[in-house]
1. In this structure, does Ser80 turn out to be assigned to a loop (DSSP other than H, G, I, E, B) and free of Cβ contacts under 8 Å to residues at least 12 places away in the same chain?
2. In the stretch 1-60, which residue that is aliphatic (A, V, I, L, M) and part of a loop (DSSP other than H, G, I, E, B) is surrounded by the fewest Cβ atoms within 10 Å (Cβ to Cβ)?
3. Do we have Gly63 as buried (at least 18 other Cβ atoms within 10 Å of the Cβ), in a helix (DSSP H, G or I) and in contact with a Gly (Cβ under 7 Å, 6 or more places away or on another chain) here?
4. I'd like to verify a number: residues in the stretch 10-63 that are of a type outside the set (Ser, Thr, Tyr) and farther than 19 Å from Ile76 by Cβ, how many?
5. Out of the stretch 66-77, which residues are free of Cβ contacts under 8 Å to residues at least 60 places away in the same chain and either open to solvent by less than 100 Å² (accessible area, probe 1.4 Å) or at positive phi (or both)?
Amino acid sequence: MIWESLGSVVLGLALSWAALRSLPSRLPSRRTVFATGVLGALFGAYLMHSVLGPGYVLVTLIGAALIGAVTLSLLIRPRSRRLSRSAAA
């Protein structure tokens, strides 16, 4: 379980770094992104370990990466578009 936890923390940090590198203007502060990535990956590892049981380290880490990525995707803000009013309004 300790390797799954450490691996999921590293995966969460890597996912957070990649998200900040590719979408810097659409994410909140770096601290929030890194915390969300790590906690999402830890939750994913816990969930996968609870479902599968011990002995599935690789599958647990894949699940941790997926759930961490989904959690990080919830932080992405929409692109800023200017709202224009129509003439009828």
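The values are calculated or read from the model by the stated rules, or taken from the named source; none is laboratory data. Keep in mind that what you see is a predicted model, and the values were worked out from it rather than measured. When we count neighbours, we look across all protein chains shown, and the Cβ atoms used for this are built from the backbone with ideal geometry, even at glycine. These accessible areas exclude ligands, DNA and RNA; they are computed on the full protein's heavy atoms, side chains included. Shrake-Rupley method; radii C 1.70, N 1.55, O 1.52, S 1.80 Å.
1. Considered against the rule, which asks whether it is assigned to a loop (DSSP other than H, G, I, E, B) and free of Cβ contacts under 8 Å to residues at least 12 places away in the same chain, Ser80 comes out as yes.
2. Residue satisfying both the conditions and the ranking: Met1.
3. Yes: the conditions hold for Gly63.
4. 17
5. Ile67, Ala69, Val70, Thr71, Leu72, Ser73, Leu75, Ile76 - these are the residues of the stretch 66-77 that are free of Cβ contacts under 8 Å to residues at least 60 places away in the same chain and either open to solvent by less than 100 Å² (accessible area, probe 1.4 Å) or at positive phi (or both).
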